[in-house]
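What follows draws every value from the coordinates through simple rules; no lab data is involved. Note that this is a predicted model, so its numbers are computed, not measured. Backbone-built Cβ (ideal geometry, glycine too); neighbour counts: all protein chains shown.
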Amino acid sequence: MTVDEAALPHGDGPDAVGGGGPRRSVRARFEVWWSGYWYEPMPVRRLDAVARILFATIIFITLSPDHWVIDHGDVPTSWYQPVLVARILQIPAPTPTTIAFVQAAIVVACALATLRVLPRLTSAAVFAGVSTWIIWAFSYGKVDHDRLTIVVALLALALTPRKGPDVEARTGWAIRLIQVTFALAYPFSAIVKLQTAGFEWANGAVFARAIIRRDGLLGDVLIDYPALLRAGQWAFICFELFAVVLLCRNTRLRAVAIVGVLGLHAFTYATIGISFLPHTICIVAFFPLEELGDGMAQEWERLRRSARSRSSGGAATMAASPPETSSGGTRLGTD
Amino acid sequence: MAVGTVRIPGRRARTVTAVTVIVLTAVGSLWGTDDLWPFAPFRMYASASRLDGRVLKAEFVGQTATGHRFTVKPGWVGLRPAEVEGQLPLTRPRRLPPGLLEDLARSWNRTHNRQIVRFELHLKGHRLKGGRPVEPLDVLVETWEGAPR
């Protein structure tokens, strides 16, 4: 099915809704575009693969890189500065017990959700656990900006069934929402930088500051080359603005942007040791992962058949060969 | 089957959800504050750093009754350096809200054998010249003094 086929709004073709003059026609065209963009049918197995990767990553993040969140349970409550959503929901400061409980609940919920049984319920449980975890992480005076995409991805998973009418269109909506949220992070990061610091951001010593504050393999080398770091800052902010093309469906432009995004995060990790993993991992929503699964299944089947034919060929060879003697040579089939 | 020929269940709710996420992300980024998480602005390393400025990072120093002084990394008291800095006001005098340093010192004494009678918040780092670190810096922000546990 083509995108345009998928885009026809509710049984009416563009002609039917476009009959009311040019203004109506614009609206009809927008509706066609909107439906094609947000409800492009995508395989359920793609969302399954995305979900499994995200749940596995959340388990890893919760147990390892986010160990500092657990430490918040030991911080005096006077340091707790709940963000707005925590104040609305009246979420108290974590204790060592409650935060360990939430950590365990996230791991268990992710493990169950990976099975994709009751996908909406288990995804909703992960969503609730991860949201609480992040609220406790960010309610001590510092908010990171690498968690929005994964939270929205969990919300999309919690709202998307695996069966039912037009499930592929609903899958398309979920994957598109993850893609859009992922893509928006870059231009909005650039806009916030320009809004906060103007072009001084790119001309200043932001990378040097980040390198001094954090340990990174490449950063210690680059710190002695301020001009190179400034060039990197310009490239960084220009690319963040360019990354808006991730929103479009042109596969070539997208491929360039995806390679750029991976390069940007690899550079950031190498220089200052920040991976933005909860955000970065959501890039998997751009890949046809079901084809990877199909390819792996085919390869597995090919290897299996090859092994089987070898063993049957081997058996045939054995049957045709004269029996080996026990002295000196290899003993076959007697033990 | 064409998507449009059959009504997609929950289509309106899905459309509203998508539009809401996009609008809140945009509004939060352009006019929001960190308080609005998850729709807070993408502000990590968004502020400018002057080429001839300073780069500082929060760190604590503890002192025992015998006068022994030792560094206490923020992580050892459950905090990230940026969280300590985030509680400092942007305007002078840059001091923590009343009681925070004392609470941290008393928490340390409750959970460690090495008792402290003095707890200091420092901002340590480097002075930059032309974007290159040239001189180490150590700024004492504030001090707590009190009895051990």
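The table for this structure:
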| quantity | calculated |
| --- | --- |
| Relative compactness, chain B, computed as alpha-carbon Rg over 2.2 N^0.38 Å | 1.59 |
| Distance in nm between pseudo-label sites at A:ALA270 and A:ILE88 (7 Å out along the Cβ direction from Cα) | 4.2 nm |
| Cα long-axis angle, helix A:289-320 against chain A (0 to 90 degrees, to the nearest 10) | 10 degrees |
| Rg/Rh ratio calculated on Cα atoms of the protein assembly as shown (Kirkwood radius) | 1.09 |
| Inter-centroid distance (Cα atoms) of region B:38-97 relative to region A:123-186, Å | 31 Å |
| Quarter of Cα convex hull surface for region B:32-78, i.e. mean projection, nm² | 5.9 nm² |
| Rg/Rg_ref, region A:44-285, where Rg_ref = 2.2 N^0.38 Å and atoms are Cα | 1.08 |
| For the protein assembly as shown, calculated [θ]222 nm from helices alone, where every DSSP H run of n ≥ 4 adds -39500 (n - 2.57) | -17500 deg cm²/dmol |
| Label-point separation, B:ARG149 to B:ARG110 (7 Å along Cα→Cβ), nm | 1.0 nm |
| Backbone N under 19 Å from the A:HIS67 label point (7 Å along Cα→Cβ), restricted to region A:215-246 | A:215-217 |
| For residues of A:179-188, the mean tally of beta carbons on other chains within 10 Å | 3 |
| Difference of contour (0.36 nm per residue) and Cα-Cα distance, A:PHE60 to A:ALA231 | 58.1 nm |
